[in-house]
1. Within the chain, which is the longest segment that contains none of the chymotrypsin sites (Phe, Trp or Tyr not before Pro) sitting in a DSSP loop with at most 16 other Cβ atoms within 10 Å?
2. Would you kindly state how much longer the chain becomes between residue 188 and residue 134 on full extension, computed as 0.36 nm times their sequence separation minus their alpha carbon distance, in nm to one decimal?
3. Can you list residues from other chains, or at least 5 along the same chain, whose modelled amide H is less than 5 Å from the amide H of residue 86?
4. Can you spot the lysines whose alpha carbon is less than 17 Å from residue 135's alpha carbon? Ignore those fewer than 8 places along the same chain.
5. Using the Karplus curve 6.51 cos²θ - 1.76 cosθ + 1.60 with θ = phi - 60°, work out ³J(HN,Hα) for each residue of region 135-149 in order, rounded to whole Hz, and write x for Gly and Pro.
6. Does a label point 7 Å from the Cα of residue 216, set along Cα-to-beta-carbon, have any residues of region 70-98 with amide nitrogen under 17 Å, and which are they?
7. Starting from the amide H of residue 178, placed 1.01 Å from N in the peptide plane, find each other amide H under 5 Å away whose residue is 5 or more places distant or on another chain.
8. Among rounded, prolate and oblate, which fits region 57-120 when a ≥ b ≥ c are the square roots of the eigenvalues of its C-alpha gyration tensor, a/c under 1.5 means rounded, and a/b larger than b/c means prolate?
Amino acid sequence: MNVGVVTFPGSNCDADARHAAALANADNGDVVHQLWHKDSVIPQGLDAIILPGGFSYGDYLRTGAIARFSPIMKEVIAFANNGGVVLGICNGFQILCESGLLPGALIRNENLKFVCKDVFLKVENTNTPFTNTVKKGSVLRMPVAHGDGRYTASEAEIILLEKNKQIVYRYVSQTGEKNAEANPNGSMHNIAGICNKDGNVMGLMPHPERASEALLGSADGFTVFTGLLAHFQRKQAQVVA
């Protein structure tokens with residue numbers, strides 16, 4: 001699995017994302033590339049691109065609004081539109097929404113405060129490259145760290161997200177209940193992560209790369225990276241067969 005992780009000015013989770021992707025790749029000898037926001041081409045043979053967390057361009061104007069116009073994003077959008085797998089984490093999720101690869105927007109938290117804590121997520125869709133190794137309905141623990149993480153969309157968009165099974169993660173209690181207390185930012189319908197209709201692009205506000213080793217307190221986030229690896233291993237096996 002060859003993965004590219006984009007670094008924008010203000011990214012602060014790019015090294016963490018590269019580390020988690022490298023851990024998943026440890027026994028395969030594949031490559032994790034660092035991509036720069038000014039790059040106008042991406043390496044040939046990439047399987048996936050990750051847009052990491054942070055505060056790209058200082059979050060001026062709106063979170064992700066300036067990063068959307070980085071030269072690399074033209075390549076990321078083309079890559080995604082051609083079926084390439086793209087993951088946006090926290091600020092990366094915001095960038096995906098700003099770029100039009102995902103519907104809706106991430107706005108200021110309902111309590112107007114920066115939230116930094118562990119949350120619980122229910123896996124709603126396991127038919128994606130990111131969640132194919134976990135059981136539907138599983139409850140995972142990952143950290144959030146954001147001030148603008150409240151997912152919002154029009155009612156029509158929400159209806160389509162539900163209908164097309166594009167809601168991948170929801171904020172829930174430790175026992176899996178969807179309620180207001182479990183929602184750290186006021187996101188509509190407790191939405192924590194969504195994918196596009198084809199399933200190859202996903203954004204989520206929690207940080208799976210910060211929950212990728214037991215040493216960090218939880219390895220539940222590592223399922224995102226092992227899911228990617230399993231997805232591409234299956235594709236490769238189909239090609240060989």
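Coordinate-derived values only; no laboratory data. What you are looking at is a predicted structure, and each value in this text was computed from that prediction instead of being measured. We place every Cβ from the backbone using ideal geometry, glycine too, and count neighbours over all the protein chains shown.
1. Longest site-free region, per DSSP loop and neighbour criteria: 115-241.
2. So the extension gain works out to 17.0 nm.
3. 49, 201, 202
4. 122, 165
5. Per residue, the Karplus-derived 3J(HN,Hα) values read 7, 4, x, 4, 10, 10, 10, 9, x, 10, 7, 7, x, 10, x Hz.
6. The answer is 87-93.
7. 173
8. prolate
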